[in-house]
Amino acid sequence: MPPDPFGAPDQTYAGNPREVARALVGINGGRGTTRLFVPPAATPGPGARVLSFVQGNAGRASGARDFTLGAAHANPADVSGPEIRLFLDGIRGSTENYSVALTDPSGIRTLVDSTMHRVTISIDGAPPVDVTARVQGYPGRHDVAYLFDVFRDLADGMHTVRVEASDNLAVTDADVAHRSSVEVPLRVAAVVATIEQRALTMPNPFSRAAGTTVVFTGLRGGSNDTATMQIHDVRGRRIRTLEARSNGDTIQLPWDGRDDAGRALPPGVYPWRAVLSLYGGTAKEYSGRLVLLD
């Protein structure tokens, strides 16, 4: 798991030495509640301990309480591994910020001292990298976990990112039903340095898991330049409107293959038209087609 925010606890105890669960808890009025999913492999009985670390405006505090752990009962409705979603933070050349969202009713397996069922990431078929220790909980949720990191030194062109994770019902290597994986295409392109005003779509065609981004380059008005893009279906009906402001010399409009109501759209061709409003009152129009594969 990630390092403790206040360092290692001063106390030790003769109990189960493995950290089996961690959660972030929101505090309101001095109180906070959360749920923790204990893996079925944990041994029930006395010797369990809960550690708490609290940080507020006035300082920090920590505490611990020993308790007796009851027997685990697996959720019979949970018959598959976690849902895995990968999010990319725009187009940034060789460095890509990314985040991974993991969701499962039985929680995400994050036992850092176990050799089985690690949370891993690999790029272009390379050996997977163990990122279990970087997985973070979500305040007040036992079924959601996140990972935030950066891909570095990626060459221009297409790449494939593979993420694998298991839920807490995966006890042995044979429990493959509770392990999931997802592969997402990633296109790296150094477009931000161009001085020509263009509209670039990357990737296109695209999958819903990866999404696509329309990038307007060669801008000069700083944050005063804006873009509004409307996406239509083949019948001409408007299904999505996207707006963004310049972050310097580009405007990026990402699309996830969903309409304005958040509904996933079927594979197909989606024409788009955009108006680029430049500083000083000039406006330019661009158009194109987006091809959603799945």
What ranking do 225, 260, 153 get, fewest neighbouring Cβ atoms within 10 angstrom at the top? 153, 260, 225
Length gain on complete extension for the stretch residue 36 to residue 49, per 0.36 nm per residue less the alpha carbon to alpha carbon distance? 3.4 nm
7 Å from Cα along Cα→Cβ at both residue 133 and residue 202: what's the point-to-point distance in nm? 3.3 nm
Taking a crude spin-label model, label points 7 Å out from Cα along the C-beta direction, the residue 233 to residue 245 distance in nm is 3.4 nm
Between residue 293 and residue 85, what length in nm is gained on full extension when 0.36 nm per residue of separation is reduced by their alpha carbon distance? 73.2 nm
Please give the length that would be gained between residue 25 and residue 149 if that part of the chain were fully extended, namely 0.36 nm times their separation in residues minus their C-alpha to C-alpha distance (nm, one decimal). 42.4 nm
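Can you give the convex hull volume per residue for the Cα atoms of segment 83-188, as a whole number of Å³? Present the calculation step by step, with values, prior to reporting the outcome.
On the way: hull volume 10.5 nm³, N = 106.
Per residue, the Cα convex hull of segment 83-188 comes to 99 Å³.
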Cβ-based exposure ranking for 87, 206, in which fewest neighbours within 10 Å come first: 87, 206
Tell me, what is the FRET efficiency for residue 141 and residue 264 to the nearest 0.05, using R0 = 25 angstrom and their Cβ-Cβ distance as r? 0.65
So if we plug the beta-carbon distance of residue 67 and residue 120 into 1/(1 + (r/R0)^6) with R0 = 45 Å, what FRET efficiency do we get, rounded to 0.05? 0.85
Centre separation in Å (Cα based) which lies between segment 248-283 and segment 130-176: 29 Å
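Read-outs throughout are calculated quantities, based only on the coordinates presented, and are distinct from any laboratory measurement. Not measured: the values here are computed from a predicted model. Positions of Cβ are generated from backbone atoms using ideal geometry, with glycine treated the same way; all protein chains shown enter the neighbour counts.
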